[in-house]
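The structure that follows is given in the form of structure tokens.
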Amino acid sequence: MKKLLLLSLFTIILKPVLGFTILIDPGHGGEDNGAESKIFIKKGKWKPVKEKDIALSLAKKIHYELGKRKFNSYLTRSVDRTVTLAERADLAEKIKADIFISVHVNSSRKNQPRGFETYYLNNHKDSVVKKVEDIENKNLRGEELIINNILMDLVIDRTVKSSKSLAVNVHSEILGLVGKRYRLKDRGVKPGLFYVLALTKRPAILLEVGFLSNSRELRKIMGTTFQKRYARAVAIGIEKYIKKRTKIEPSLL
Ligand SMILES: [Zn+2]
């Protein structure tokens, strides 16, 4: 009996690290550039910047940080290629991902808006949330829209609590390790209705790293040191979420 207890304790402690699979989703890709901007190089010279490239660079670093912590982690794309929302969700199913993290960079028509925010899947609606959703959902095909309308209610009910907890854990690490140091504006943890999150049918969050439409913020986000710190914060947040979850609900293992 004692042996059995020890064995199950051992499983509870080890399983979170060894058994958890995380799918990192760099937003957009291929023919879908996401938001676009440009960065000043020198007098008269500007370099075009695409959201899909920053998202990929950050996602790869998060993938690396999770690997260092012995998590199984995968990327929905590791190169610049087009991946439909359905393909991203299919991969989550195929690898039996426990968590889905979509990485994006925000944009605004005005150049003042700045800051980072973390979304979790919910059907809550307000005008600010709707605006961001429009940008991130704009490449949705009709067929996917129909599937999602059917799935939405079922999925949200099952995952909303876990998704919110994951969002809170990751967001607070970003705030502590990156937000303060780089003087980023904390735009908070918000509910959102993103189809890519709904389709994946598991606890999922969408990160908006900052605004590439704000030139000062874009410069920070493009920095390698910033990206490494950001990736580490996300990985630590995920780790904390998993540890808390497995402590409260060992039956989930
Ligand atoms: Zn995006």
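The values are calculated or read from the model by the stated rules, or taken from the named source; none is laboratory data. Every value quoted in this text rests on a predicted model; they were computed, and no experiment measured them. So basically every Cβ, Gly included, is an ideal-geometry build from the backbone, and we count neighbours across all protein chains shown.
Which of the numbered conditions does Arg187 fail, given that it passes all the others? Conditions: (1) modelled with pLDDT of 90 or more; (2) under 17 Å from the mean Cα position of the chain (by Cα); (3) more than 15 Å from Glu117 (Cα to Cα).
For Arg187, the failing item is (3).
If only one of Pro203, Pro191 is touching a helix residue (DSSP H, G or I) at 6+ places or on another chain (Cβ under 6 Å) and either crowded, with 20+ Cβ neighbours inside 10 Å or under 12 Å from Val168 (Cα atoms) (or both), which one is it?
Only one candidate passes the filter, namely Pro203.
Mind telling me which of the residues Val83, Val105, Val49 ends up being within 17 Å of the chain's Cα centre (by Cα), more than 30 Å from Lys243 (Cα to Cα) and either surrounded by 15 or more Cβ atoms within 10 Å (Cβ to Cβ) or more than 14 Å from the ligand (Cβ to nearest atom) (or both)?
None of the others qualify; the one that does is Val83.
Still on this model: Would you check if Asp32 is surrounded by fewer than 22 Cβ atoms within 10 Å (Cβ to Cβ), of a type in the set (D, E, K, R), at pLDDT below 95 and within 16 Å of the ligand (Cβ to nearest atom)?
yes
A follow-up question, please. In segment 52-80, how many are within 16 Å of the ligand (Cβ to nearest atom), of a type in the set (S, T, N, Q) and farther than 21 Å from Lys38 by Cα?
Residues in segment 52-80 being within 16 Å of the ligand (Cβ to nearest atom), of a type in the set (S, T, N, Q) and farther than 21 Å from Lys38 by Cα: 1 in total.
A further question on this structure: Residues of segment 80-121 being under 15 Å from Thr21 (Cβ atoms) and of a type in the set (D, E, K, R), which ones?
Passing the criteria: Arg88, Asp90, Glu93, Lys94, Lys96, Asp98.
Another one. Please verify whether segment 41-50 includes one or more residues that are in a loop (DSSP other than H, G, I, E, B) and over 19 Å from Lys228 (Cβ atoms).
yes
Another question, if that's okay. Please go through segment 192-225 and pick out each residue that is polar (S, T, N, Q) and either under 19 Å from Lys60 (Cβ atoms) or in a helix (DSSP H, G or I) (or both).
Those that are polar (S, T, N, Q) and either under 19 Å from Lys60 (Cβ atoms) or in a helix (DSSP H, G or I) (or both): Thr200, Ser215, Thr224, Thr225.
Looking at segment 54-66, can you tell me whether even one residue there is at pLDDT below 95 and either β-branched (Val, Ile, Thr) or in a helix (DSSP H, G or I) (or both)?
Checking segment 54-66: not a single residue is at pLDDT below 95 and either β-branched (Val, Ile, Thr) or in a helix (DSSP H, G or I) (or both).
Just checking, which of Val234, Val168, Val189 is of a type in the set (A, V, I, L, M, F, W, C) and assigned to a strand (DSSP E or B)?
Val189
A further question follows. Taking the condition outside any strand (DSSP E or B), without any contact (Cβ under 8 Å) to a residue 40 or more places away in the chain and closer than 24 Å to Leu184 by Cα, does Lys110 pass?
no
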